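The next block holds one structure in the form of structure tokens; read it before the comments.
Nothing in this text is a laboratory measurement; each read-out follows from the coordinates by a stated rule. It should be emphasised that the depicted structure is a prediction, and the values quoted were computed from it without experimental measurement. Reconstructed Cβ throughout: ideal geometry from the backbone, glycine too, with neighbour counts over all protein chains shown.
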Amino acid sequence: MRRIGIQIYAKTGMDLEAYVKKISELGFNATFTGVPAADRIPVFARVLKKYGIFWESMHAPFDGINSIWRQGEEGDNMLGRLTDAVDACATAAVPILVVHLSSGRTPPSITDIGRERFAKLVDYAGEKGVKVAFENQRMLGNIAWAFEAFADAPHVGFCYDTGHENCFTPGREYMPLFGKKLIFTHIHDNTGVFNKDEHMIPFDGNLDFDRVVRQLKESGYQGTLMLEVIANHSDLYDDMACETYLEKAAAAIKRLRDMVDG
């Protein structure tokens, strides 16, 4: 049976070990994190191993990501943060690093310096044995560029974010374009309000999950169905205990798994 996952700390209210124990009891068997501080990596690794949770991905830092397209020290530093994230994945034996290509509604244009920096990142990740999953945000052009530029790099793939598609780029469907490159998922819902990224539990918003399921099936993807739900992005969950929230999330992703695999 395919893996189902949820990120660490989707909702506050439990310490790390209690949270990981709970998601394991609920049937989750994979997770992702941001990039932890170096001294926290062994802590995460120990607790996740104890409860049989596969640490499948880290999410690269994205604050300041637009600087990577611009000349100057800020862009060089951003590349350094991304390569540091690759190092963290390699240290923790985490196979996938999810990377944004830009941020916001008016990011910089694609530039030669940005191309060079991303090429360095991809090369470095390949040397370290880490896969780079570029995630759909608002701009179609830069993710299309990435998959064309790195078409011959077997360790470069697509992270499909269902919620971003629904609220950032309404009317645009990424899976028919890039589904064959899919190596990771960020599954969440929202109310479809433009630019309102609510990270709701699936089936709590207005996202068409019948269409998502159909396109996942058409892609042939057999990997993890990974939730990227964030309780404090929607007031729907304000009065819900962490345990109850996780139980609701588990029920939703199991329902989705049944749809995809049925």
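Can you give the charge dipole size of the chain about its Cα centre, rounded to the nearest 20 debye, using +1 on the beta carbon of Lys and Arg and -1 on the beta carbon of Asp and Glu?
Details: 29 positive and 36 negative charges, 128 e Å.
The dipole of the chain has a size of about 620 debye.
How much FRET efficiency would the formula 1/(1 + (r/R0)^6) give for residue 258 and residue 194, where r is the Cβ-Cβ distance and R0 is 41 Å, rounded to 0.05? Please report the intermediate quantities before stating the final value.
On the way: r = 31 Å, r/R0 = 0.76.
Once the sixth-power term is evaluated, E becomes 0.85.
Net charge around residue 102, counting only other residues with Cβ within less than 11 Å of its Cβ (Lys, Arg = +1; Asp, Glu = -1)? Don't skip to the answer; put the middle values down first.
Numbers: positive: 105, 138; negative: 135.
Local net charge: +1.
Can you compute the modelled spin-label distance between residue 151 and residue 172, with each label point 7 Å from Cα toward Cβ, in nm?
Inter-label distance under the simple model: 2.0 nm.
Given H placed 1.01 Å from N in the peptide plane, which residues other than close sequence neighbours of residue 186 have an amide H under 5 Å from its amide H?
Residues meeting the criterion, in which the H sits 1.01 Å from N, are 160, 161, 162.
Tally Lys/Arg at +1 and Asp/Glu at -1 over every other residue whose Cβ is under 13 Å from the Cβ of residue 130; what's the total?
Working: positive: 128, 131; negative: 56, 84, 87, 123, 127.
Taking every Cβ under 13 Å from that of residue 130, the sum is -3.
Does a label point 7 Å from the Cα of residue 9, set along Cα-to-beta-carbon, have any residues of region 23-53 with amide nitrogen under 11 Å, and which are they?
33-37
If I stretch the segment between residue 208 and residue 49 completely, what's the gain in nm (0.36 nm per residue apart, minus their alpha carbon distance), one decimal?
53.8 nm
Whole-Hz ³J(HN,Hα) for each residue in region 173-184, computed from phi via Karplus 6.51 cos²θ - 1.76 cosθ + 1.60 with θ = phi - 60°, x for glycine and proline: what do you get?
10, 8, 5, x, 7, 10, x, 6, 9, 5, 10, 7
Could you tell me the number of lysine pairs in the chain with C-alpha atoms less than 19 Å from each other, where the two lysines are 8 or more residues apart or belong to different chains?
So the count of such lysine pairs works out to 20.
Roughly how many whole Å is it from the C-alpha centroid of region 72-106 to that of region 182-249?
Using only Cα atoms, the two centres lie 24 Å from each other.
Of the residues 102, 57, 67, which exhibits the maximal mean-square fluctuation in a Gaussian network model of the chain defined by a 10 Å Cα contact cut-off?
The residue that fluctuates most here is 67.
Taking H placed 1.01 Å from N in the peptide plane, check which residues at least 5 places from residue 101 or on another chain put their amide H under 5 Å from its amide H.
Placed amide hydrogens put 135 under 5 Å from residue 101.
With θ set to phi - 60°, apply the Karplus curve 6.51 cos²θ - 1.76 cosθ + 1.60 along region 79-87 and write out the HN-Hα couplings as whole Hz, x wherever there is a Gly or Pro.
Whole-Hz 3J(HN,Hα) from phi for region 79-87: 4, x, 5, 5, 5, 4, 5, 4, 4.
To the nearest µm²/s, what D does Stokes-Einstein give for the chain at 25 °C and 0.890 mPa s, using the Kirkwood radius over alpha carbon pairs as Rh?
131
So in region 104-262, what percent of DSSP beta bridges are antiparallel if you round to the nearest 5?
Values: 1 of 10 bridges.
Looking only at bridges with both residues in region 104-262, the antiparallel portion is about 10 percent.
Name the long-range amide H neighbours of residue 54: under 5 Å, sequence gap of 5 or more, or other chain; modelled H, no Pro or chain starts.
Answer set, sorted by chain and number: 30, 31.
I want the local charge near residue 71. Using Cβ-Cβ distances under 14 Å, sum +1 for each Lys or Arg and -1 for each Asp or Glu among the other residues. Intermediate values should be presented prior to the final figure.
Values: positive: 70, 115, 117; negative: 73, 74, 76, 112, 116.
Once positives and negatives cancel, what remains is -2.
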